[in-house]
Amino acid sequence: MIRAPGDGMDTLGNRLGRLVVVVLAVLGALVVGWTVFVRVPRDVADLLGVLFALALAVVAARAAARIAGRWFAAYDVAEVAVAGPISRDGTTDGLTGGVVTPPADAVVEQVERADDDPNVEGLLVKLNTPGGEIVPSDDIRLAVERFDGPVVAYATDRCASGGYWIATSCDRLFAREGSLVGSIGVIGSTVNAKALAEELGVSYERFAAGKYKDAGQPLKELDEDDRDYLQGLVDDYYDDFVERVAEGRDLDPATVRETEAKVFLGREARDRGLVDEIGTARDAEDALAGELDHEVTVEAFRPSPGLLHRIRGGSSALARAAGTGVAAALAGDEDADLRLR
């Protein structure tokens, strides 16, 4: 991932600059800490004062290291990863609270942070996702599209559906021979539990304003009008997807539709114009170096969800384990589930 340094890389001057900033911050913190916690409160034990001073120095050193890292950056390219199913809330491990898939908004934040970083000249987008929710996928695509500089993406295992939607905003797309690329389609689904409800003695009473307000309700039998309405939503999203791919990849819309939402291995995806080149992350870095006309050093920009997101992820997993999935199937959402898949 790290390449040989060039202009703006991790030079000796940059390293010395970072060291000077940290040393000055530590010395300043020690002076302030010694004065505040040792010399002034004469009735407080010197040992306790020294400990406070050392603690302040550690905090100052960490803060200074972050600042120095920006002032004397050792990178000029940011890498942002889109991994796992794309959703607004992301997913976490229910037991540990560890991150499984970051929220789409967190990925957008990292792209924007890279764009605001004066040291970042180019963006590398790592894609390994089966797709996911439509609007969160588009939020990431728009953030990548707004990035001020060259953008190169590379697919690892999968670059499908919502992931491919994001890839259309990149200047170039690389994939491995074994990568699965494509799935240019939209799926909508709803659970129909009317027969089960009748067996359980549960009936559906409709109180709604608007003919299609309860279209897709699990306890209501779908009629032809409901099916046409919901299929129309899916078709509209699909038309937008085809148009986006055709524009981003410079393809004829008919050619995009001919893929019929299939996924293709890397070489066939390239032959169909869905991918620019077969290559690895290193090849994608070389492409960025060519765009920037110098060797590059890559820094991974990764989101880290806050405590509330971890707690929410763990609570949701426990709730699902307790059977809320069955309850949701009986109660139902008002709208069909629409995803880029």
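A few notes on this one:
- Some residue of the range 72-85 being exposed (fewer than 15 other Cβ atoms within 10 Å of the Cβ), of a type outside the set (K, R) and at pLDDT below 70: no
- For the range 86-105, residues that are modelled with pLDDT of 70 or more and out of contact with any strand residue (DSSP E or B) (no Cβ under 6 Å at 6 or more places or on another chain) total 5.
- Among the residues listed as D286, D214, D228, the single one being touching a residue at least 40 places away in the same chain (Cβ under 8 Å), assigned by TED's automatic domain parsing to the domain that holds D157 and farther than 24 Å from G131 by Cβ: D214
- Members of the range 156-180 that are among the small types (G, A, S) and surrounded by fewer than 24 Cβ atoms within 10 Å (Cβ to Cβ): S169, G178
- Test result for E295, among the acidic types (D, E), touching a helix residue (DSSP H, G or I) at 6+ places or on another chain (Cβ under 6 Å) and either in the same structural domain as V120 (by TED's automatic domain parsing) or surrounded by 15 or more Cβ atoms within 10 Å (Cβ to Cβ) (or both): yes
- Taking the criterion of being assigned to a strand (DSSP E or B) and hydroxyl-bearing (S, T, Y), the only residue of the range 184-198 that qualifies is S189.
- Failed item, numbered, when G232 is tested on (1) within 34 Å of the chain's Cα centre (by Cα); (2) surrounded by 12 or more Cβ atoms within 10 Å (Cβ to Cβ): (2)
- Verdict on E224 being charged (D, E, K, R) and surrounded by 14 or more Cβ atoms within 10 Å (Cβ to Cβ): no
- Residues of the range 139-188 classified as touching a Phe, Trp or Tyr at 6+ places or on another chain (Cβ under 7 Å) and of a type in the set (D, E), total: 0
The values are calculated or read from the model by the stated rules, or taken from the named source; none is laboratory data. Just so it is clear, the model here is predicted, and its values are computed rather than measured. As a convention, Cβ positions derive from the backbone with ideal geometry for all residues, glycine included, and neighbour counts pool all protein chains shown.
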